[in-house]
Amino acid sequence: MERDYNTMDDFSFKGKTVLLRVEFNSPMSPDGKILDDKRIRESVPTIKELDDAKVVLLAHQSRPGKKDFTTLEDHAKRLQKHLKQNVRYVDDIFGSHARSEIVEAEPGDVLLMENVRFYAEEQLEQTPEAHARTHLVKKLAPLAQVFLNDAFGASHRSQCSLVGFAPILPSGAGRLMEKEIDSLNQALTGGGETTYVLGGAKVDDSISVTKNVLEKKIATRVLVTGVVANVFLAASGVKIGKPNMDFIEKNEYLGEIERAKAILQAFDGKVVLPTDVAINKDGKRVEMSVKSLPTDYVVSDIGRESIAIFSDIIRKSDKVILNGPAGIFENPDFSAGTNEMLMAATKAKFSVVGGGHSSAAVETLGIEGKISHVSTGGGAAIDFLSGKRMPAIEALKAAKAMRK
């Protein structure tokens, strides 16, 4: 398959030093422990394939000012456990200590450098050419022969470690990046019954995806759940009740109601709304028809009737793409919508699940092997599906075109 970017198949790595940008950004506990190391686990196949090269890993954790902005020492321990080989954590990014560690390493060694966001210039959103002139790139690039980007989860950013090496070094996608691009491209290719299921609380993102996939005739239909459904219900004239409108207003999504209204008018019948919901009434799940709204309680899931209708549509689809939970799924009383639709997705011919919450639910249900692709990119997957430009992927394409 001819791609407009290089993959690992386009290089020989034996005896070379490879700079590998990975996505290790993980949820952390207040005492600095990694709560979910899925992203670290997902990088293992790429690193294993580089077993005859010197591998220098670049990664970030959170950003300055956040409580989970920390060193990568614990990440190195987790990677070592999953890789089943020694991983050397280097508490420096590109200083003399970091550079001497790289020079002294042998082929087969794996080094994880310190959190690249400890370096101020990493925070800047600039062109690859501007980033190529930063200290990080100028200090590390001469020590390596190849740059690989496997950090799909950060590919919607135009930051130094993601795009700065591509204009200077032979560059390509790691196996995870390649898999993400292939799977999401497949999700964006029409043909057959294609159902998008969009939920969660990131309403603006989901409305952008809805508009993109309906305008381009990628999706046969879009099922909406969670806060996204509340916005579409409000756009269709349903009074959803004060606590639910208050949440939309607090999160500055009132303007999204107008966007949703325009989509409902332009694509009549293509956006499928829930017919019933589950509210949290004094800590108990209570089902109510949409016709019975408004309510003084928070809508916390789609109702049983909607779960049955949506699950049936999903099961019969050729392709299904799910992003975002159907409700407050962390509460077992309100997890039915999220869980039942994910189970239904295992029956579709091709399925993609994106977003941290949906991915976590897939893992809890133990159905990872039955979903075609579980994306490691939350915001990145949404941006990709919205048809937005992905700077880190564009940088890889430019690198290939430049070296043709």
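Assorted remarks:
- On the basis of the beta-carbon distance and an R0 of 35 Å, Glu252 and Met1 show a calculated FRET efficiency of 0.25.
- Considering only Phe329, Thr195, Ser375, the residue lying farthest towards the positive end of the dipole of the chain is Thr195, judged by Cα position with unit charges set on Cβ.
- 18 Å tail of the calculated P(r), segment 183-268, as % of Cα pairs: 40 percent
- Surrounding net charge for Lys281, when Lys and Arg each add one and Asp and Glu each subtract one, Cβ distance under 13 Å: -3
- Here, segment 149-295 is characterised by an Rg to Rh ratio of 1.09, where Rg is the alpha-carbon radius of gyration and Rh the Kirkwood radius.
- Taken per residue, the accessible surface of the chain reaches 42 Å², heavy atoms only and a 1.4 Å probe.
- Spread of Cα-to-Cα distances over 10 Å intervals beginning at zero, given as percent, for the chain: 5, 22, 29, 23, 15, 6, 1, 0
- Percent carbon-and-sulfur accessible area, segment 221-337, ignoring ligands, DNA and RNA, probe 1.4 Å: 53 percent
- Distance in nm between pseudo-label sites at Val238 and Asp9 (7 Å out along the Cβ direction from Cα): 4.6 nm
- Within-15-Å neighbourhood charge of Asn339 [Cβ basis; K, R +1; D, E -1]: -1
- Kirkwood analysis of segment 1-64, using all unique Cα-Cα pairs, places the hydrodynamic radius at 13.8 Å.
- For the chain, with +1 on Lys and Arg beta carbons and -1 on Asp and Glu, the positive-most of Leu184, Pro30, Val353 along the dipole: Leu184
- Percent breakdown of C-alpha pair distances by 5 Å bin, ordered from the shortest bin, for segment 314-373: 4, 21, 35, 25, 11, 3, 0
- Helix content alone sets the calculated 222 nm mean residue ellipticity of the chain: runs of n ≥ 4 DSSP H residues at -39500 (n - 2.57) each, divided across all residues, give -11000 deg cm²/dmol.
- As a ratio to 2.2 N^0.38 Å, the alpha-carbon radius of gyration for segment 72-181 is 1.06.
- Helix 304-315 axis, angle to the chain major axis (alpha carbon atoms, nearest 10°): 50 degrees
- Listed peptides 332-341, 257-266 appear in the order 332-341, 257-266 once ranked by packing, highest mean of other Cβ atoms within 10 Å at the front.
- Computed P(r) (all Cα pairs; segment 304-404; 5 Å bins; percent): 2, 12, 21, 20, 17, 10, 7, 5, 3, 2, 1, 0
- Fluctuation leader among Ile302, Ile47, Ile34 - the chain, Gaussian network, Cα springs under 10 angstrom: Ile34
- Here segment 347-404 exposes an accessible surface that is 51 percent carbon and sulfur, computed with a 1.4 Å probe and the other protein chains kept in place.
- Sorted largest first, extent of segment 102-164 alpha carbons per principal axis (Å): 34, 24, 21
- Summing charges over neighbours of Lys179, with a neighbour being any other residue whose Cβ is under 11 Å away from its Cβ, gives -4 when K and R count +1 and D and E count -1.
- If you run the Gaussian network model on the chain, springs between alpha carbon atoms under 10 Å, then out of Gly269, Gly378, Gly191 the most flexible one is Gly269.
- Two-decimal Rg to Rh for segment 41-105 - Kirkwood Rh, Cα set: 0.98
- Expected-Rg normalisation [2.2 N^0.38 Å, Cα atoms] applied to segment 149-193: 1.40
- Coordinate range along principal axes, alpha carbons of segment 255-332, Å, largest first: 38, 31, 22
- Solvent-free Debye scattering, log10 I(q)/I(0), computed from the Cα coordinates of segment 1-153 at q = 0.13, 0.15, 0.20, 0.21 Å⁻¹: -0.59, -0.79, -1.41, -1.53
- For segment 1-109, the carbon plus sulfur part of the accessible surface works out to 46%, probe radius 1.4 Å.
- Stretched out straight at 0.36 nm per residue, the stretch from Asp182 to Asp36 would grow longer than its current Cα-Cα span by 50.1 nm.
- Of the beta bridges in the chain, as assigned by DSSP with both residues counted there, near 20 percent are antiparallel.
The values are calculated or read from the model by the stated rules, or taken from the named source; none is laboratory data. Quantities reported herein were computed from a predicted structural model and do not represent experimental measurements. All Cβ positions, even for glycine, are placed from backbone atoms using ideal geometry, and neighbour counts span all protein chains on display. With ligands, DNA and RNA removed, areas are computed over all heavy atoms of the protein, side chains included. Shrake-Rupley method; radii C 1.70, N 1.55, O 1.52, S 1.80 Å.
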